[in-house]
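A short worksheet on the structure shown next.
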Amino acid sequence: MTAPPSPATLLAATAGGEPLSSGGLFGVTATIVVLVVLAGFFAMAETALTRMSRVKAVTLHEEGRRGSKALLKVVNAPERYINPILLLVLVCHTLMATLVGTVVGPYGLVGFVVSYLIELVVIFVLAESGPKTFAVQRTDRAALLAAPAIVTIAGFPPIRLLTKGLIGFANLLFPGSGSPVGPSTSEQELLALASEAEQEEVIESEERELIHSIIEFGDTITREVMVARPDMVSIDVSSSVDDALEILLLAGYSRMPVHNRSIDDIRGLIYLKDLVRASRDGKGAETVESLVRNAHIVPETKRVAVLMREMQLGKFHMAVVVDEYGGVAGIVTLEDLIEELVGDIVDEYDTEEPLLQELADGAWSVAGTIPVDEINEKLALGVPEDDDWDTLGGYLFHRLGHVPDIGEHVESNGHVFTVEKMGANRIDRIRIESRRADQAVQA
């Protein structure tokens, strides 16, 4: 039996319009089947490897999965391996089309149309849709299966040189088109990934909330978590030890800022343990000036992640926050920073009203100091977020343009925000309810 003719011989034969012999037809058909299989494999590899994250590849390698070593090579340098895959997919498709043309060439337009439709269906189903669907549904398995073969093929000198040459040519025509671009993941993608993991019961809701808090923690600034100036409790440097001790005990704090006549002139911090020791030693009538310790001063725009690290290294639990003009804006404690990660920490001595409370009629009562991003996340209100305000009370002040009276209200995105409680020219509590048809609200 003689061997089937080569593709080059077949092309030469059909160039003159001669139909293929049975042996030639078998050879072409076998070659097309091989090309379909290879195209399907490369399509699966492209989808699986582009969907594979570096973190997942490392996890598979730590589990000792077969093929994970090659997979790590691919995800660490994707441009080195993905481009050869794309080239080989193109080679398979174009060569298939050429060989099909050798078969249908003698049959004219009818043969061309019929073969084109068959080829379209075969390529779409067997070489594109099917393999890529498998790669999407079983990304780990497909990536581990494809990675060793792709690493070997991409390292084959002719493939590597041809790919580099074509990329170089593309750069001449379109500068920068062949430059490698590393994979990147945005914060929103990470947040969505955590939410998806919760829905699939991979993690608990508490773990999802902690992941969200950690990601958002890096973008939070001190102004958003500090105890604002109106809420500060401080004492004058001329106060006696006994008076300062009583103030600290009544406030329930272990440390407190000390000022000199004006809150903007902070001298330092006073500690409860120092006052107790001085009072026990009979120094209750003396001033606290000799007991004042240095205070750490931080700008209100400082990132809380950086501040927490400084507190850990410097072994201090409280800092005085100043604005851009040098005035005291508030104080921030280590507890404030930790609460930003794990939520409010309430002990048996805390008597503060809850930031967010659902009422019997379905409305909500919230603190004016609640951050806008937090209320949007919990109630999906769509309150605009802007650099001009951080809190819901600040947003109402912006909308109203004046110090409001109790009962004034503002409408936003189908909700009514009513001032419920005022205190010292600020909004303490806000009532939130859905807009009713008979309400006419005008800010």
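First select every other residue whose beta carbon is under 13 angstrom from the beta carbon of V237; then total the charges, Lys and Arg +1, Asp and Glu -1.
Values: positive: R261, R267, R293; negative: D236, D243, D265, E286, E289.
Taking every other residue near V237 into account, the sum is -2.
Order by neighbour count: F417, F316, F156, fewest other Cβ atoms within 10 Å first, most last. Kindly include the intermediate steps, with their values, before the conclusion.
On the way: F417 28, F316 17, F156 11.
Exposure proxy ranking, most exposed first: F156, F316, F417.
Can you list the lysines whose alpha carbon is less than 22 Å from that of K273, not counting same-chain residues fewer than 8 positions off?
Partners found: K283, K315.
Antiparallel as a % of all DSSP beta bridges within the chain, to the nearest 5? Working shown, then result.
Values: 37 of 43 bridges.
DSSP beta bridges in the chain are roughly 85 percent antiparallel.
I need the P(r) histogram for the range 241-323: all alpha carbon pairs, bin width 5 Å from 0 out to the longest distance, whole percents.
Using 5 Å bins, I get a P(r) of 3, 14, 23, 21, 17, 12, 6, 3, 0 for the range 241-323.
Can you return the lysines within cross-link range of K421? Criterion is Cα-Cα under 23 Å, with same-chain partners fewer than 8 residues away left out.
K378
Once every DSSP H run of n ≥ 4 in the chain is given -39500 (n - 2.57) and the sum is divided by its residues, what mean residue ellipticity at 222 nm do you get, rounded to the nearest 500 deg cm²/dmol?
Details: 18 runs with 227 residues, N = 443.
Computed ellipticity for the chain at 222 nm equals -16000 deg cm²/dmol.
Is the C-alpha gyration tensor of the range 67-165 telling us rounded, prolate or oblate? Criteria: a/c under 1.5 is rounded; beyond that, a/b larger than b/c is prolate, otherwise oblate. Walk me through the intermediate numbers first.
Details: a/c = 3.95, a/b = 1.79, b/c = 2.20.
Taking the square roots of the gyration eigenvalues as a ≥ b ≥ c, the range 67-165 is oblate.
Below 19 Å, Cα to Cα, which aspartates and glutamates can K164 reach? Residues fewer than 8 away in the same chain don't count.
E46, E79
Counting only other residues whose beta carbon sits under 15 Å from that of A278, what net charge do I get with K and R as +1, D and E as -1?
On the way: positive: R255, K273, R277, R280, K283, R293; negative: D242, D243, E246, D274, D281, E286, E289.
Residues close to A278 contribute a combined charge of -1.
Just so you know, all these numbers are worked out from the coordinates, no wet-lab data involved. Predicted model, so just to flag it, every value in this text is computed and none were measured. When we count neighbours, we look across all protein chains shown, and the Cβ atoms used for this are built from the backbone with ideal geometry, even at glycine.
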